[in-house]
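Okay, so here's the structure we're looking at.
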Amino acid sequence: MTQDLFEEEPLAYVAPQVMAPGAVLLRGFACDVEQALMHAVEQVTAAAPLRHLVTPGGYTMSVAMSNCGALGWVSDRTGYRYTGTDPLSGQPWPPMPDCFARLARRAAAEAGFGGFRPDACLVNCYEPGARLSLHQDKDEGDMSAPIVSVSLGLPAVFLFGTTRRKDRPARYRLVHGDVAVWGGPSRLAYHGVAPLAAGEHALLGRQRINLTFRCAA
Ligand code: SIN
Ligand code: FE2
């Protein structure tokens, strides 16, 4: 059985795949907890609905976002920042579900970053056509902690570059259950997501959900 013939199937996790120093892909790492994760995503987005944020430049993002944990990432005409409350409701962001925190900690440790305790989880929802342009995650207070990013639902092309914007990024196909971790020398690597191709995922339908864990404070 070759991987090419079965590329839609989530793979059972085997070992880290190196993208760059400090950056790995853990293929299929989240598969064993998919049901718990999906249930928790529903609970989080029921309390803090997905919404399309506006960038400081005035563009509405194609990715819909929410957050859980002590801090949540938001954007509006005044800039990007972390907040303790959801600007839509004025209430604290929903707490980070235990299954989220445990998975993120386990993935970070597998990638060589022990003791990861994220205080923020950005929930990104992509429908076909949605994309995320190349950017660095640089609004966080703790750059010694990695970013842990979990993919669920439709496959996506993840762009992962270097710390220099002008370097052409490598492309990785991320499928349901894949986890990417970047930290250390790759912590400020440029990354993004190519426009999502149309499709139908067996569990999530016409969407991709991405959970991105950070130490924001
Ligand atoms: C992000 O950079 O916040 C999200 C990356 C992804 O959706 O894979
Ligand atoms: Fe990012």
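Brief remarks on what is shown
- Over all pairs of different C-alpha atoms, region 17-214 has a mean inverse distance whose reciprocal, the Kirkwood radius, equals 16.7 Å.
- Computed over Cα pairs, the Kirkwood radius of region 106-217 leads via Stokes-Einstein (0.890 mPa s, 25 °C) to a diffusion coefficient of 171 µm² per second.
- Ranked by the mean number of other Cβ atoms within 10 Å of their residues, highest first, the peptides 145-158, 124-137 come out as 145-158, 124-137.
- Hull volume per residue, based on the alpha-carbon atoms of region 1-110 and their convex hull, is 156 Å³.
Every number in this text was worked out from the coordinates using simple rules, so none of it is lab data. This one's a predicted model, so the numbers in the text were calculated from it and none came from an experiment. Note: ideal-geometry Cβ built from the backbone for every residue, glycine included; neighbour counts use all protein chains shown.
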